[in-house]
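Read the figures in this text as sums done on the coordinates, not as results from a lab. What you see is a predicted model, and the numbers here were worked out from it, not measured in a lab. In this analysis, Cβ positions are derived from the backbone assuming ideal geometry, glycine residues included, and neighbour counts consider all displayed protein chains.
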2 protein chains.
Amino acid sequence: MQMPTPNAAVLSKKARIVERLQSVLPEDAVIHDPTETRAYECDALTAYKCPPLAAVLPASTEEVAAVLKICHEEGVPVVPRGSGTSLAGGALPTADSVILGVARLNAVLETDYDNRFIRVQTGRTNLSVTGAVEENDFFYAPDPSSQLACAIAGNIGMNSGGAHCLKYGVTTNNLLGVTMVLMDGTVVELGGAHLDAGGLDLLGVVCGSEGQLGVVTEATLRILRKPEGARPVLMGFDSNEVAGACVSDIIKAGVLPVAIEFMDRPCIEASEAFAHAGYPLCEALLIVEVEGSPAEIDEQLGLILQIARNHNPVELRESKSPEESAKIWLGRKSAFGAMGQINDYMCLDGTIPVSSLPLVLRRIGEMSKEYGLDVANVFHAGDGNMHPLILFDANKPGDLERCEALGADILKLCVEVGGCLTGEHGVGIEKRDLMTSQFTAEDIEAQLWVKDVFDPAWLLNPAKVFPLGATESRRAA
Amino acid sequence: MQMPTPNAAVLSKKARIVERLQSVLPEDAVIHDPTETRAYECDALTAYKCPPLAAVLPASTEEVAAVLKICHEEGVPVVPRGSGTSLAGGALPTADSVILGVARLNAVLETDYDNRFIRVQTGRTNLSVTGAVEENDFFYAPDPSSQLACAIAGNIGMNSGGAHCLKYGVTTNNLLGVTMVLMDGTVVELGGAHLDAGGLDLLGVVCGSEGQLGVVTEATLRILRKPEGARPVLMGFDSNEVAGACVSDIIKAGVLPVAIEFMDRPCIEASEAFAHAGYPLCEALLIVEVEGSPAEIDEQLGLILQIARNHNPVELRESKSPEESAKIWLGRKSAFGAMGQINDYMCLDGTIPVSSLPLVLRRIGEMSKEYGLDVANVFHAGDGNMHPLILFDANKPGDLERCEALGADILKLCVEVGGCLTGEHGVGIEKRDLMTSQFTAEDIEAQLWVKDVFDPAWLLNPAKVFPLGATESRRAA
């Protein structure tokens, strides 16, 4: 995408804004040279790009407040950015916006094992939160695939999940409190390190709000004791439907594995060619992992294996050692990278009721044929969070558009069976126009009210989450 | 409290409103005779009473919408009411308001074991939700003490917890979706039966909103498989501080019992005299319960008993049979009733960081002496949800006022140590003026914004939750 040529008025406004930002931040924390702002032109949804007016890297709540106050006074939109790993374009700039990156907000502020929480600045990466407590045998539960890179700020913005969220819940279940800066620079505290909230639970609505309501600078997170042990079992099946039925039966039986991961044949083949994990080349694989003491693990796996056997598995491999466990997970963890080696792909993110898995997988197969694009399925099956990967060729004219149309149809199918447009990636720009397939006009209006009052000038993370049509009059105002 | 004598203008407005309500509801669903509206003059905070203008008992979302539309047009305040078990005055009427009772909204709409949820109308009682699924070995986890009577509507309004919420979370962790009617009669759907929400998570802010944002008529609730077994252990200690330290150590060790209940000497003595559960008459008792298979139970209790022994317990009694388990729980479950037999009491509801238990218990003891009022402590210690009972004599002039002053000081102490004014009872009228000790003006203003947009005329559940001073101009407008 070409950068628009800036005119004099824009240049002068930009110069003034940059000068004001420089007055409240260290010199290297204000990035405005066009060659450098390009680093912020997109996030992990790389099909869309636009360099921002400037980018700032504040290091404290006070600096964030100062930045927002200036932008508020100047009427400049602000796009908060975690580590830029959003697959839905949640941190895509507009040309007139300032990117507020949280990379320097990475301190651990407090660890409290007695009360089992950690308080961090939100630019800290997900994995380094666990890193700060693991020597005491604790961990932070939500584990997005991008956990090495992704920031807690983005996890909160998107209410991120991960493979182990079946047991431990997603971000909202592990977030106790935040410090948030509103667009006008006001600092508010929501929640705390305690149970429940007095009055309205604004913490709940802030979690998953995709940077629409404020910039979260500090977070108090629940930490958990590491389980004594964990053991996965690998199951291969003849068809997606049978694997889906097996997932449904495990859930129905009331066992609670920490993870049930699903891969279909295209995904198995790609990851096997890439990672050589020794997966059987069957139609569908499940990795089911349980945690606890050896006795607990034996008991839970016993029940799970019995359920699996009722579905005539072509493979049933219980890990007997840490090495075997690592090998079972290796292929799954390499799946996205493996797909990227052989194809361009678009990673979808929808949730469905677990019992609809077989139906949805069959329909995705049919749609894939209709559109002439392969779809590889790899996802958190236990909680119904699907991540279909649509394979396409970015260099082939029309392929991206067909891919997006197929993606939209798949997500509409998720909604039709009683699911949701997004599990953990957020709406971003990718799905804003699909919101109307999930929500009535009244439902969306109720959301817009809340956006209105937190950000009346509609300056925060513009043109995302809500259908453009529904917000046009507000943004113009 | 005396009913004010109504004047002619009020009478004529009342007559018109009753007539309009009768036009959309069956005759017996509109209660307007002053002898009958008295049944709705208070909830379980009986110190405050005021009969409403009328009470209505709609049986469907459509009827609720029709009622709210009429009240909206007439500018009549509406007080939503579950089963009236609120201890914070959450369902206290004003003289000009219509009580909207949900008692007839009690149907089970859908049970889905494959996806582990139940959908009910919100007038259904908490225990009868479990009743609807228990023959299939499922249950609904949050278990307030009032679970036999309290309605799901109230549970959602107050984000209720219960003894077993240490493991399973409170209402917000078990609520998947709701149908809610806004004050103008608009019906919205929030959440669903699936993971996550697109856009802003309004479900989170509605849960615990104490009837300020809308009337929730239907709810989709997560149901869980009943554990194979459960076993409590009773522990007696020499002092509150030692018992508190033991709770802290159990939590720090990372074991997750389903319940850790705490009773101090005044409470032990009262409940023992009432229920004869065979409790030792020591300074502090803990009941710690774990769940799972026999092997899991043995392992968890082994660790817990070891921690307890480090604190020199005067009693350590592990249940060996269902009968012994029932006896261990008997005293705790009778505690509130037992206290009511010998005293008037006010039941507080605050949360604190678990590690502050010893400090807070010591300070409560000191305050109790300063005020000359006994305080019995019985509470969910595992998650820091305290329920101090202040004993007073309702017939003694000044005692209630001193009791309320002591209660306010105790709750402020909870906030000071990093806790919250309310764990599960809500703010209601009881704690509205204490909100300023927990929240800054900016924090409260952010909550008021959300109230503003959902209920611009401030007709829903008036004069509750927020400090009257902060809302005066809004209510007058």
Legend entry - Placed amide H near A:Gly254: partners under 5 Å, 5+ positions off or other chain: none
Legend entry - Distance between the range A:350-364 and the range B:379-436 - C-alpha centres, whole angstrom: 48
Legend entry - Ascending list, in nanometres, of distances separating the A:Glu36 label from those of the other copies (7 Å, Cα toward Cβ): 7.5
Inset, instruction - Please name whichever of A:Ala275, B:Leu303, B:Pro456 sits farthest to the positive end of the charge dipole of the protein assembly as shown, dipole taken about the Cα centre and charges placed at Cβ: Lys and Arg +1, Asp and Glu -1. - result: B:Pro456
Legend entry - Amide H contacts of B:Ile223 (H built 1.01 Å from N, under 5 Å, at least 5 apart or other chain): B:Phe117, B:Ile118
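Mind ordering A:319-327, A:298-306 by average Cβ neighbours within 10 Å, highest first? Write down the numbers at each step before the final one.
On the way: A:319-327: 14.0, A:298-306: 16.8.
Per-residue Cβ counts within 10 Å, averaged per peptide and sorted highest first, yield A:298-306, A:319-327.
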Inset, instruction - May I ask which residue of chain A has the beta-carbon nearest to the axis carrying chain A onto chain B, and at what distance in whole Å? - result: A:Gly204, 1
Inset, instruction - Mind jotting down the distance between the C-alpha centroids of the range B:199-228 and the range B:109-150, whole Å? - result: 13
Legend entry - Per-pair calculated FRET efficiency, R0 = 56 Å: A:Leu109 and B:Gln22 via Cβ, rounded to 0.05: 0.40
Inset, instruction - May I ask you to report, in nm to one decimal and beginning with the shortest, the distances from A:Pro294 to the same position in the other copies, taking label points 7 Å along Cα-to-Cβ? - result: 1.9
Legend entry - Cα long-axis angle, helix A:399-416 against chain A (0 to 90 degrees, to the nearest 10): 70
Legend entry - Value of Rg/Rh across chain B [Cα atoms, Kirkwood radius]: 0.98
Legend entry - Amide proton proximity set for B:Ala259, modelled H, under 5 Å, gap of 5+: B:Glu289
Inset, instruction - Measure nothing fancy, just the Cα-based angle from helix A:240-252's long axis to the longest principal axis of chain A, in degrees from 0 to 90, nearest 10. - result: 80
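Counting partner chain Cβ atoms within 10 Å of every residue's Cβ in B:416-423, what's the average? Write down the numbers at each step before the final one.
Values: counts 0, 1, 7, 5, 8, 5, 5, 3.
Across the residues of B:416-423, the mean count of other-chain Cβ atoms within 10 Å is 4.
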Inset, instruction - May I ask you to list the lysines whose Cα is less than 19 Å away from that of B:Lys333, ignoring any residue fewer than eight positions away on the same chain? - result: B:Lys167
Inset, instruction - Quickly rank B:212-225, B:55-68, A:419-432 as a protection proxy: mean count of other C-beta atoms within 10 Å, highest first. - result: A:419-432, B:212-225, B:55-68
Legend entry - chain A: calculated mean residue ellipticity at 222 nm from DSSP helix runs of at least 4, using -39500 (n - 2.57): -11500 deg cm²/dmol
Legend entry - chain B: relative contact order in percent, alpha carbon pairs under 8 Å with at least 6 residues between: 14
Inset, instruction - Would you order A:Arg363, B:Arg332, A:Arg309 from fewest to most other beta-carbon atoms within 10 Å of each residue's own beta-carbon? - result: A:Arg309, A:Arg363, B:Arg332
Inset, instruction - Taking each label point as 7 Å beyond Cα in the direction of the beta carbon, state the distances from B:Gly278 to the same residue in the other copies, shortest first, in nm. - result: 5.5
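Calculate, for B:Leu148 and B:Ala326, the FRET efficiency according to 1/(1 + (r/R0)^6) with r their C-beta to C-beta distance and R0 22 Å; round to the nearest 0.05. Walk me through the numbers before you get to the answer.
Working: r = 17 Å, r/R0 = 0.76.
The pair B:Leu148/B:Ala326 has a calculated efficiency of 0.85.
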Legend entry - Cα long-axis angle, helix B:294-309 against chain B (0 to 90 degrees, to the nearest 10): 70
Legend entry - Centre separation in Å (Cα based) which lies between the range A:260-288 and the range B:61-93: 55
Legend entry - Label-point separation in nm, A:Asp374 to A:Ala47, each point 7 Å along Cα→Cβ: 1.9
Legend entry - In Hz, Karplus ³J(HN,Hα) per residue of the range B:220-230 (6.51, -1.76, 1.60; θ = phi - 60°; x = Gly, Pro): 9, 10, 6, 10, 10, 5, 4, x, 4, x, 8
